[in-house]
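Okay, so here's the structure we're looking at.
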Amino acid sequence: MTRFLPALTVSALLALGAAQAQTVRPLAEGLPAGALLTLETHNAGPALKRFSGVLERVLSAADLGEDDAGSMLGVAQAVLGDSLGREGIAGVFSVQGKKGTFQPALLAVTRSGALTDELLGELLPEKPGARVGRYTFSRVDGLFAGTSNGLTYVSSDKALLMAYLGRLSGKAAPTLAASAPYAAAQRAAGTQELGLYANFSAAAKVIRSQLAQIMLPRLLSPVVDALDTLGQFAGGLTTTAGGWTTASAQVVNQSGKDRPLARILLDTTDFGVQGVIPASAEAVRATACHPETGAYLGRWLTRVDLLEPFGFLTDSQLASHLEQAGRYLGDECAQVTLAGGLKAALNQEDPLAGLATTVSYQRVTDRAAADAHLPEYARSVNDALEGLRGTVKSLATSGMDALMDGAMADRDTQALMLGAGLAGASQGLDESLAGLKMVYAFRGDYLITAFSQEALDAALAEGPVLADDAGFRAAGLTLQGSAGWSYQPDPADLGAQDLAGMLPRELTGNKATSGMLGGALTAGADLINRFDGTTSQRAVAGNVIIGKASVRYRW
């Protein structure tokens, strides 16, 4: 019997250690309530290791001539793993400033190991400047920082840091983890290796406080009202052996003044657009778009119309047309990149090449009303685009002429070169605008719009549709009562030559520079080709929008 005692003792100690590890309080339980924004890590060692491996492979393939790049990266990974790899939070908090107004301040804290403590010890004074309970801190270059009891912390505001250390020392006070906005959003999103939390409603209060000092609250109140209605957001990502997953939760503030925005954000629908989208599409993003969306966007365009320098919004009457379109469009929209879109977007010589593969789908609820309105809508937009060309050309010509006249008078070579560059840019912009033309057609119950006839024709071509594609069906997306979804299959591999299309011809056409860039382009292509597709889903539960995504990536 006695020979089993040592084993039992060891087992008991291990169990006790595990229990103590599980009772370690999350850092958010010590931070003060009132955070506007936080960036968080939770057991992020695997994520840091995987991202570090990707970066090391890219640097190696790029062959930048830095022999010690790998060792430096290893040191950085060790330091980060010893701190942020455990747990860390960096937050922006609202603190009371002068005249009773609120202003933002930074507070960051991380669990630290021996390596972190040693490195930080070289930066902090030998004797701490102040103590709060069991914790010490010093002033370092305008910041307040310290390390003790396994934690490293820094703040831009002394009172904020002392409030935090007071909570750690047992003082009873509201904490971030216990605050209802933070708890609701984080509970719905779940714990992630790398996370983010944003309290838009709290930020709106701080902004209102600041605006009240400059007597401009009414002018910007719609912006602040919209920000307040966004409520709170929490989300993040967790890496896996085959890529990473993301989860997010947005708690919409239904008591906010921007009620239309709340209705738009919480809208859901039954999707059928996958039955008309070509199966060869490279990327699809479908959303439930409330019928009020057009009128809501139109009101915002009206607010900024006077600030728009080219007159396009006025000439196109875009706000009015969006409001009219809301009368016959249903709450189902999709943005689609057709086959060839990825490579087309890399063509720097033709900035509009991507438009030849981009189309939008919207459900139509009243075909007669759509037939009556759309011709006028398209004609108005296209006439405004043509007028925009003339406006841009006139402004560019007058500015260039003034610059060239001054350069000739002063014999300024640099100004002459700048003038020539402006002339080229003006010509390129004019050619781009010349290629824009709003076109549309119907397929089933859906309106398809594009700014390229080539894209519209590709969308209308007969062939298999996404709903019948085996890969799409295997994704298992929820299409009924959904707030939205996205689907992107494994794209075709790219080569260094494809990425070279993003660079100016002066670089790729020169043998010396093209040779130097070859390794970097190859590394970039390898980085992109390891991406094997993604799916995402959004759902609504009460006033909470829950999003989940899965990204396939070969680390």
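Can you name the helices (runs of 4 or more DSSP H) wholly within the range 265-381 that have at least 3 residues being within 26 Å of the chain's Cα centre (by Cα) and surrounded by fewer than 16 Cβ atoms within 10 Å (Cβ to Cβ)?
Qualifying helices (runs of 4 or more DSSP H): 293-304.
Could you list, in sequence order, the residues of the range 93-109 that are in a strand (DSSP E or B), in contact (Cβ under 8 Å) with a residue 60 or more places away in the chain and either under 12 Å from LEU160 (Cα atoms) or out of contact with any helix residue (DSSP H, G or I) (no Cβ under 6 Å at 6 or more places or on another chain) (or both)?
PHE93, SER94, VAL95, GLN103, PRO104, LEU107
Starting from residues that are aliphatic (A, V, I, L, M), assigned to a helix (DSSP H, G or I) and at pLDDT below 90, keep the ones in the range 208-225 and report whichever is least open to solvent (accessible area, probe 1.4 Å).
LEU211
Report the residue count in the range 432-452 for those that are at pLDDT 95 or above and not in a loop (DSSP other than H, G, I, E, B).
Count: 10.
Could you please find all residues in the range 480-491 being of a type outside the set (A, V, I, L, M), surrounded by 15 or more Cβ atoms within 10 Å (Cβ to Cβ) and either part of a loop (DSSP other than H, G, I, E, B) or without any contact (Cβ under 8 Å) to a residue 24 or more places away in the chain (or both)? Break it down into steps so the answer makes sense when it comes.
From the range 480-491, those of a type outside the set (A, V, I, L, M) are 480-482, 484-491; that's our starting set.
Applying the additional criterion that residues be surrounded by 15 or more Cβ atoms within 10 Å (Cβ to Cβ) yields 482, 484-489, 491.
Scanning the range 480-491 gives PRO489, PRO491.
Out of ALA177, ALA203, ALA183, report the one residue that is touching a Leu at 6+ places or on another chain (Cβ under 7 Å) and either open to solvent by 60 Å² or more (accessible area, probe 1.4 Å) or closer than 24 Å to GLN96 by Cβ (or both).
Details: ALA177 fails: touching a Leu at 6+ places or on another chain (Cβ under 7 Å); ALA183 fails: touching a Leu at 6+ places or on another chain (Cβ under 7 Å).
On inspection, the qualifying residue turns out to be ALA203.
Across the range 217-241, what is the number of residues that are within 25 Å of ALA33 (Cα to Cα), β-branched (Val, Ile, Thr) and in contact with a helix residue (DSSP H, G or I) (Cβ under 8 Å, 6 or more places away or on another chain)?
Residues of the range 217-241 within 25 Å of ALA33 (Cα to Cα): 223-237.
If we keep only those that are β-branched (Val, Ile, Thr) as well, we get 223-224, 229.
Add one more test, that the residue is in contact with a helix residue (DSSP H, G or I) (Cβ under 8 Å, 6 or more places away or on another chain), and what stays is 224, 229.
Within the range 217-241, residues that are within 25 Å of ALA33 (Cα to Cα), β-branched (Val, Ile, Thr) and in contact with a helix residue (DSSP H, G or I) (Cβ under 8 Å, 6 or more places away or on another chain) number 2.
If you check LEU456, LEU477, LEU494, LEU499, which single one turns out to be assigned to a helix (DSSP H, G or I), under 26 Å from the mean Cα position of the chain (by Cα) and surrounded by 13 or more Cβ atoms within 10 Å (Cβ to Cβ)?
One residue alone meets the criteria, LEU499.
Which is buried (at least 17 other Cβ atoms within 10 Å of the Cβ) and either closer than 30 Å to LEU230 by Cβ or among the aliphatic types (A, V, I, L, M) (or both), of SER155, SER148?
Selected residue: SER155, the only one of SER155, SER148 that is buried (at least 17 other Cβ atoms within 10 Å of the Cβ) and either closer than 30 Å to LEU230 by Cβ or among the aliphatic types (A, V, I, L, M) (or both).
Just one of the numbered conditions (1) of a type in the set (Lys, Arg); (2) surrounded by 16 or more Cβ atoms within 10 Å (Cβ to Cβ); (3) modelled with pLDDT under 75 is not true of ARG411; which one?
(2)
Give me the strands (runs of 3 or more DSSP E) completely within the range 113-201, filtered to those with at least 1 residues that are at pLDDT 95 or above and not aromatic (Phe, Trp, Tyr), ordered by residue number.
Values: elements: 130-132, 135-140, 143-148, 151-155, 194-199.
Of the strands (runs of 3 or more DSSP E) lying wholly inside the range 113-201, those with at least 1 residues that are at pLDDT 95 or above and not aromatic (Phe, Trp, Tyr) span 151-155, 194-199.
THR239 versus (1) closer than 28 Å to LEU307 by Cβ; (2) hydroxyl-bearing (Ser, Thr, Tyr); (3) open to solvent by less than 20 Å² (accessible area, probe 1.4 Å): which is the lone unmet condition?
Exception for THR239: condition (1).
Taking into account only those residues within the range 253-304 that are among the β-branched types (Val, Ile, Thr), in contact (Cβ under 8 Å) with a residue 12 or more places away in the chain and out of contact with any strand residue (DSSP E or B) (no Cβ under 7 Å at 6 or more places or on another chain), which is farthest from GLY471 (Cα to Cα)? Don't jump to the end; show me each part of the working.
Of the range 253-304, the ones among the β-branched types (Val, Ile, Thr) are 264, 268-269, 273, 276-277, 284, 287, 293, 302, 304.
Among the residues that remain, those that are also in contact (Cβ under 8 Å) with a residue 12 or more places away in the chain are: 264, 268-269, 273, 276-277, 284, 287, 293, 302.
This time we only want the ones that are out of contact with any strand residue (DSSP E or B) (no Cβ under 7 Å at 6 or more places or on another chain), so: 264, 293, 302.
Values: ILE264: 30, THR293: 32, THR302: 43 Å.
Looking at the filtered set, the residue picked out is THR302.
For the range 70-92, give me each residue that is part of a loop (DSSP other than H, G, I, E, B) and of a type outside the set (S, T, N, Q).
ASP82, LEU84, GLY85, ARG86
Can you tell me which residue in the range 518-555 is modelled with the lowest pLDDT, limited to those that are open to solvent by 50 Å² or more (accessible area, probe 1.4 Å), more than 30 Å from ARG263 (Cα to Cα) and not in a loop (DSSP other than H, G, I, E, B)?
So the residue we want is THR522.
Scan the range 31-47 for residues that are within 21 Å of THR152 (Cβ to Cβ) and open to solvent by 40 Å² or more (accessible area, probe 1.4 Å) and jot them down.
If the condition is that a residue be within 21 Å of THR152 (Cβ to Cβ) and open to solvent by 40 Å² or more (accessible area, probe 1.4 Å), then LEU37, LEU39, HIS42, ASN43 are the ones that fit.
What residue, among those in the range 40-60 that are under 24 Å from MET72 (Cβ atoms) and either outside any helix (DSSP H, G or I) or among the hydroxyl-bearing types (Ser, Thr, Tyr) (or both), is modelled with the lowest pLDDT?
Among residues in the range 40-60 that are under 24 Å from MET72 (Cβ atoms) and either outside any helix (DSSP H, G or I) or among the hydroxyl-bearing types (Ser, Thr, Tyr) (or both), the one modelled with the lowest pLDDT is SER60.
Can you name every residue in the range 81-108 that is of a type outside the set (S, T, N, Q), open to solvent by less than 70 Å² (accessible area, probe 1.4 Å) and under 24 Å from the mean Cα position of the chain (by Cα)?
LEU84, GLY85, GLU87, GLY88, ILE89, ALA90, GLY91, VAL92, PHE93, ALA105, LEU107, ALA108
Out of the range 459-474, which residues are open to solvent by less than 80 Å² (accessible area, probe 1.4 Å) and either of a type in the set (Asp, Glu) or in contact with a Gly (Cβ under 9 Å, 6 or more places away or on another chain) (or both)? Walk me through how you get there before you give the answer.
Of the residues in the range 459-474, the ones open to solvent by less than 80 Å² (accessible area, probe 1.4 Å) are 459-461, 463, 465-467, 469-472.
The answer is VAL465, LEU466, ALA467, ASP469, GLY471.
Out of curiosity, is ALA249 at pLDDT 95 or above and either under 30 Å from ARG554 (Cα atoms) or part of a strand (DSSP E or B) (or both)? I'd like the intermediate steps shown before the answer.
Details: at pLDDT 95 or above: yes; either under 30 Å from ARG554 (Cα atoms) or part of a strand (DSSP E or B) (or both): yes.
Considered against the rule, which asks whether it is at pLDDT 95 or above and either under 30 Å from ARG554 (Cα atoms) or part of a strand (DSSP E or B) (or both), ALA249 comes out as yes.
The values are calculated or read from the model by the stated rules, or taken from the named source; none is laboratory data. Keep in mind the model is a prediction, meaning the values are calculated, not measured. All Cβ positions, even for glycine, are placed from backbone atoms using ideal geometry, and neighbour counts span all protein chains on display. Just so you know, the surface numbers come from the protein's heavy atoms only, side chains and all, with ligands and any DNA or RNA stripped out. Shrake-Rupley method; radii C 1.70, N 1.55, O 1.52, S 1.80 Å.
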